[in-house]
Amino acid sequence: MSVLEITTQAGSRDSQDLPTIVPLRHWGRYVSGALLACALIFLGIIVSRSQQIVWAAIPEYLFNPAILKGIVVTLQLTFGAMLIGIALGTVLATMRMSHNPVFVVISGIYIWLFRGTPLLVQIFFWFNIALFIPMIEVGPYLISTNSLITASVAGLLALSLHEAANMAEIVRGGLLSVDSGQGEASQALGLTRAQAMRRIILPQAIRVIIPPTGNQAIGMLKASAMVSVIGMQDLLTQAQNTSARNFLVIELLCVAAIWYLVLTTVATIGQYYLESYFQKGVASSGAKSLSSRIAAGLRLPIGRGSADRL
Amino acid sequence: MMQPIVQAEGVRKSFRHVEVLRGVDFEVQNGEVSCIIGPSGSGKSTFLRCINHLERIDGGRLRVDGDYVGYQERDGKLYELNEKALASRRAAIGMVFQRFNLFPHLTALQNIIEAPVLRKLRTKPDAIKHALELLDQVGLLNKKDAYPAQLSGGQQQRVAIARALAMEPKLMLFDEPTSALDPELVGEVLSVMKRLAKEGRTMVVVTHEIGFAQEVADTLVLMDQGRIVEKGSPRELINNPQHPRTQAFVRSVR
């Protein structure tokens, strides 16, 4: 009882004697924020009232078969180019870090060349490759380059080879980020270099490689639009083809933009889950899985094993 | 007399133009615990790393259990070993590092079974059984599913010792195993090492822990400027050092 009295006394004394704390008001923030909001609303009104834009056309074309076909091509191109880019980039990175000086120089020149020239130039280059290699000889067969390097192949080649150069640097950065003690410990335990790479170094490097690779994939979704210059039937090209017929230029660009936003948003969410999956053993107290966090919040017994460990 | 486990004669090693080892003569017999002490920069860690070929020697002879470290003798020449052969030689030598070097993406148990399973020393269930015994020996059975980041430095180093033991090495190398630990965690690691010594394991320990060396070592060696300055039983070396360098070092760490 006496303890209670003391606390209530102390509490009342606090509120009576001690001064109230008043935080600084940032009036400038209110004003500048209000001004910017007004400007945006004004801009929105202008755009929405425009007689030039047929707003109804946007939902109408959103699921147009041609547009959907374009999305498929864009996705195929993105996945294909990222897969080849990651595979070739990993090869280039290991070449760059090997003890073979020829490998080091060749991958260095490759990265310099393909990172140092614009993607657009590379797309045109592959599309026009037949101009200086008109025929390709495969054993007894002679194939015209133009029949082999179609627009689709040229687009995929350009995007993947360009991506490989970027991925090579990302993979190399990831491998270098792993402490040299890890390789030494693996060697001391009698693992070969290949075993150490596969089981010890790469799983740790992945953590560093994933976030920038996710950014590259999102970049690739958008960069794939560049193949419209060689007439590949990707999302942007389909949108442009449609608007060339009906003159709804802005409307179809909006349709394309909406779809690009949807794709990049989905990719971003995927990247989040991929990253948290590879956070094993690092900052383990903070990086609990989503399900165990929800379970902890609901006080469910699910995932208790992981909580007990901490 | 039996052939020594470690036999070094005139071992030399340079990094660029700095000569780190200037002719090291050193022997360890089977079942012996040998502690190497000396000021930092004296080459003691480098010498230890030469024993399992983490560093390549530039001159002299270095043999472990009769075999040249990293080389094979044929027709009077030393041929450098290929990776596979080198890896199996290394598998027989356990090493414990100053900074533990546990694999952070694997749990304590996974850290221990990784090498025995990959090297096909044991099947996975067998390796797990052995690993649990080893974890029990270092007093960390309850931490088997913990990741290294969830363990204290002393616990990490004990897991690292268990990891090295899992390969059933004929020789254990310790590279300043307590130097990266908070003072209150040194004891738990040293007591594990003392038990290993009592069990008759062959150990080469680079350390600053004079007390440990005095209690556990069969031979104590003082290195300075890339050479072994003095060797003897710990009692002789610490209580009655002959060489002026040893006298100065013993005085400084007392």
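Summary table below
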item	result
Per-region count, region A:167-186, residues touching a helix residue (DSSP H, G or I) at 6+ places or on another chain (Cβ under 6 Å) and either open to solvent by 40 Å² or more (accessible area, probe 1.4 Å) or more than 26 Å from B:PRO177 (Cβ to Cβ) (or both)	8
Search result, residues across region B:33-76 that are touching a helix residue (DSSP H, G or I) at 6+ places or on another chain (Cβ under 8 Å) and either under 18 Å from B:LEU171 (Cα atoms) or aromatic (Phe, Trp, Tyr) (or both)	B:VAL33, B:CYS35, B:ILE36, B:ASN52, B:HIS53, B:LEU54, B:GLU55, B:LEU62, B:VAL64, B:ASP67, B:VAL69, B:GLY70
Residues being out of contact with any Phe, Trp or Tyr (no Cβ under 9 Å at 6 or more places or on another chain), in a helix (DSSP H, G or I) and away from every other protein chain (no Cβ under 12 Å) - total across region B:133-161	9
Which numbered condition B:ALA213 misses (of (1) out of contact with any Leu (no Cβ under 7 Å at 6 or more places or on another chain); (2) part of a helix (DSSP H, G or I))	(1)
Selected residue (criterion: nearest to the other protein chains (Cβ to nearest Cβ)) from residues of region B:102-121 that are within 14 Å of A:GLY190 (Cα to Cα) and outside any helix (DSSP H, G or I)	B:ARG119
Residue pairs meeting the criteria (Cβ under 8 Å; at least 6 apart or on separate chains; first within 13 Å of B:LEU54 (Cα to Cα) and more than 7 Å from chain B (Cβ to nearest Cβ), in region A:184-204; second of a type outside the set (A, V, I, L, M, F, W, C) and open to solvent by 30 Å² or more (accessible area, probe 1.4 Å))	A:SER186/A:GLN195; A:SER186/A:ARG199
Meets criteria (more than 23 Å from B:GLU176 (Cα to Cα), touching a Gly at 6+ places or on another chain (Cβ under 7 Å), facing chain A (nearest Cβ under 9 Å) and free of Cβ contacts under 8 Å to residues at least 40 places away in the same chain) for B:LEU86	yes
Residue match in region B:233-247 (condition: in a strand (DSSP E or B) and of a type in the set (Asp, Glu))	no
Residue selected from region B:189-211 under the condition in contact with a Ser or Thr (Cβ under 8 Å, 6 or more places away or on another chain) and more than 17 Å from B:PRO169 (Cβ to Cβ), by the criterion surrounded by the most Cβ atoms within 10 Å (Cβ to Cβ)	B:VAL189
Qualifying positions in region B:80-101 - part of a strand (DSSP E or B) and over 13 Å from the mean Cα position of the chain (by Cα)	B:GLU80
Filter result (within 14 Å of chain B (Cβ to nearest Cβ) and not small (Gly, Ala, Ser)) within region A:136-183	A:VAL178, A:ASP179, A:GLN182
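The values are calculated or read from the model by the stated rules, or taken from the named source; none is laboratory data. It should be emphasised that the depicted structure is a prediction, and the values quoted were computed from it without experimental measurement. When we count neighbours, we look across all protein chains shown, and the Cβ atoms used for this are built from the backbone with ideal geometry, even at glycine. Note: areas computed on protein heavy atoms with side chains; ligands, DNA, RNA excluded. Shrake-Rupley method; radii C 1.70, N 1.55, O 1.52, S 1.80 Å.
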